[in-house]
1. Determine whether Val504 is β-branched (Val, Ile, Thr), farther than 20 Å from His549 by Cα, open to solvent by less than 20 Å² (accessible area, probe 1.4 Å) and under 34 Å from the mean Cα position of the chain (by Cα).
2. Working carefully through the options Ser402, Ser428, Ser441, find the one that is open to solvent by 30 Å² or more (accessible area, probe 1.4 Å), under 26 Å from Pro490 (Cβ atoms) and out of contact with any strand residue (DSSP E or B) (no Cβ under 7 Å at 6 or more places or on another chain).
3. Any idea which residue in the range 104-135 is farthest from Ser148 (Cα to Cα), counting only those that are part of a loop (DSSP other than H, G, I, E, B) and small (Gly, Ala, Ser)?
4. Restricting to the range 351-388, count the residues that are outside any loop (DSSP other than H, G, I, E, B), more than 21 Å from Ser265 (Cα to Cα) and either under 32 Å from the mean Cα position of the chain (by Cα) or modelled with pLDDT under 95 (or both).
5. Which one of these is more than 30 Å from the chain's Cα centre (by Cα), acidic (Asp, Glu) and under 22 Å from Ser385 (Cβ atoms): Asp416, Asp430, Asp456?
6. List, please: which pairs have Cβ atoms under 6 Å, are six or more places apart or on different chains, and start with a residue in the range 96-108 that is on the phi > 0 side of the Ramachandran plot and end with one that is surrounded by fewer than 20 Cβ atoms within 10 Å (Cβ to Cβ) and aliphatic (A, V, I, L, M)?
7. For the range 43-73, enumerate the residues that are touching a helix residue (DSSP H, G or I) at 6+ places or on another chain (Cβ under 9 Å) and in contact (Cβ under 8 Å) with a residue 60 or more places away in the chain.
8. Within the group Pro226, Pro298, Pro250, Pro274, which residue is out of contact with any Leu (no Cβ under 8 Å at 6 or more places or on another chain), within 24 Å of Leu344 (Cα to Cα) and free of Cβ contacts under 8 Å to residues at least 60 places away in the same chain?
Amino acid sequence: MQNQRWVLKLLLILSFFVLLSETLAQPSSQTPVCSEADRVSLLSFKARILNDTTDILSSWTGRDCCGGDWEGVQCNPATGRVTELQLQRPSDDRGTAFYMRGTLSPSLGSLQFLEVLVIGGMKHITGPIPESFSNLTRLTQLVLEDNSLEGNIPISLGRLSLLQALSLSGNHLRGQIPPSFGNFRDLLQLNLARNSLTGPIPPTFKSFHSLQSLDLSYNALSGYIPDSVGQIQNLAFIDLSNNQLSGQLPTSLCNLVNLSDLSLSQNQLTGRIPDQIGNLKSLASLSLSRNRLTGQIPESISRLKSLWNLNLSRNGFSNPLPVALAKGMPSLLSIDLSYNNLSLGTVPDWIRSRELSDVHLAGCNLRGFLPNFTNPGSLSTIDLSNNYFTDGISNFLAKMSSLQRVKLSNNLLKSDLSRITLPNGLSSLDLHSNQLFGSLSRILNNSTSSFLEAIDVSNNQISGGIPEFNEGLSLKLLNIASNKIAGHIPSSISNLIELERLDVSRNKITGSIPTSLGLLLKLQWLDLSINGLTGKIPDSLLGIRDLRHANFRANGLCGEIPQGRPYNIFPVAAYAHNLCLCGKPMPPCRGRT
């Protein structure tokens, strides 16, 4: 009996240990350790990145890439296989230089369960797109934008038949767009912008039955826009701008009833705008600028009730403007008809009376007085340059309370600068090549000047001196060239700490170049030529590291040119016709300077 009890206890103990061992052998309810093959693939990618200022890859330590600690890596919790790799440059308002430097490892092509691959904004990832990426047949998203990838787009990527989003924009890719992309039957978004791609748009694009967004802008694509693009019925966004596309606008594009944004600017398109353009009921933005389009602007554009942006500038459109435009386009906010063969005479009433934010009518043969806008408070940008406006501009800008940019250059305007009222918030003022007179004091130093980033009043009849500059100015461009300005350059010019371009050439400025000019560390362009400046070019200018252009020609300067880059490598013409400048690139100095 006693032996039986002992045997029973022994069996109970053995059962406990068997149960314990089975429990320990069972997988944890937590996320399983990631596949060793996937971990090795990720570490091979990390090994190809030589420098990582984003600090993302520093989290890739330990054996479990699926535990949540490896930044940018996501896994299937049931299998421990990597399904997403998303590495995007962190955003930083302070302009911190985040990047990864290296190349893409072909090992990423071994992540056979990967569905999302995003490596974007890393700036310095170079080399080709690995052919092995074509093995990632489960991919629905492939985003490699804003790096520095090179070479041709692999034809084999056409094997990724499940792709819904493909973006390779912002790289240095060349060659043609692979016709194999026509295999992407489920593709919703294709973005190949900002590369160096050449050749035609493949006719196989007609297979994109689901495509909603197509961006091929800023390449060197050539040939016609294929009719097949107009057969992709779901397209809402098309940007083919900044290429070398030729031929006429396909009428088939006018069948895209869902299209809201069409940009074909900066190409070599010819012929007329099809009358069927009025069928694009959803169109909100139409940009056809910088082409070779001719004929009249079609009346059917007036039927585009959703259109808010119309840019037809720099073509060969001719008079007359359709009368129907006066009552059409009820949503219009921005219009640009600049530089065509239009002779408008006056700004049309239907433009003056609307509540527009942007009006661009440069080079439209406008004459007489500046127009009186019915809703001046809505205007943000106005460009009436290269016309024949006369009289003054004293109160023209006064009621434009939202105005940020104004361009009235190349007209026949006569005004005293000291009487021009500038609106608060104005950031860019371009009045060059008119007949303006008076002094600079008011536009440079009043309560509204702190917002100004660009002032160009060159080629006028402005007199007086250069005023002292207050602190707090935001000027990046100051061009007062070709006037009658006299006196000295004030030492307070050092208060323009944001200045990138300074041109005071062709005036009557005297005195020496102030040493404080060397404190303008952001200066890239400096022109002091054809004045009466004397003395030496101060060595303090050597502190301006980013200077790309300088001109000291035709003054009374003397002494040794600052001997350091870039001053000693500027051309001789930058220093010619002075009193006695010497030292590279001029002849060497002799004796005491």
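1. Details: β-branched (Val, Ile, Thr): yes; farther than 20 Å from His549 by Cα: no; open to solvent by less than 20 Å² (accessible area, probe 1.4 Å): yes; under 34 Å from the mean Cα position of the chain (by Cα): yes.
It is false that Val504 is β-branched (Val, Ile, Thr), farther than 20 Å from His549 by Cα, open to solvent by less than 20 Å² (accessible area, probe 1.4 Å) and under 34 Å from the mean Cα position of the chain (by Cα).
2. Details: Ser402 fails: under 26 Å from Pro490 (Cβ atoms); Ser428 fails: out of contact with any strand residue (DSSP E or B) (no Cβ under 7 Å at 6 or more places or on another chain).
Answer to the check: Ser441.
3. Just the residues of the range 104-135 that are part of a loop (DSSP other than H, G, I, E, B), to begin with: 104-105, 111-115, 121-122, 127-130.
Filter once more, so that each one left must be small (Gly, Ala, Ser): 105, 121, 127.
Numbers: Ser105: 14, Gly121: 9, Gly127: 8 Å.
Filtering first and then ranking leaves Ser105.
4. Of all residues in the range 351-388, those outside any loop (DSSP other than H, G, I, E, B) come to 351-352, 358-360, 366-368, 376-378, 381-383, 388.
Pick out the ones that are also more than 21 Å from Ser265 (Cα to Cα) and you get 351-352, 366-368, 376-378, 388.
Keeping just the survivors that are either under 32 Å from the mean Cα position of the chain (by Cα) or modelled with pLDDT under 95 (or both) gives 351-352, 366, 368, 376-378.
So the answer is 7.
5. Numbers: Asp430 fails: more than 30 Å from the chain's Cα centre (by Cα); Asp456 fails: more than 30 Å from the chain's Cα centre (by Cα).
When all the criteria are applied, what remains is Asp416.
6. Gly102/Leu50
7. Passing the criteria: Ser44, Phe45, Ile49.
8. Working: Pro226 fails: within 24 Å of Leu344 (Cα to Cα); Pro250 fails: within 24 Å of Leu344 (Cα to Cα); Pro274 fails: out of contact with any Leu (no Cβ under 8 Å at 6 or more places or on another chain).
Result of the check over Pro226, Pro298, Pro250, Pro274: Pro298.
The values are calculated or read from the model by the stated rules, or taken from the named source; none is laboratory data. Just so we're clear, the structure is a prediction, and the values are computed from it rather than from any experiment. Glycine gets a Cβ as well: all are built from the backbone with ideal geometry, and neighbour counts include every protein chain shown. We work out accessible area using only protein heavy atoms, side chains counted, and drop any ligands, DNA or RNA first. Shrake-Rupley method; radii C 1.70, N 1.55, O 1.52, S 1.80 Å.
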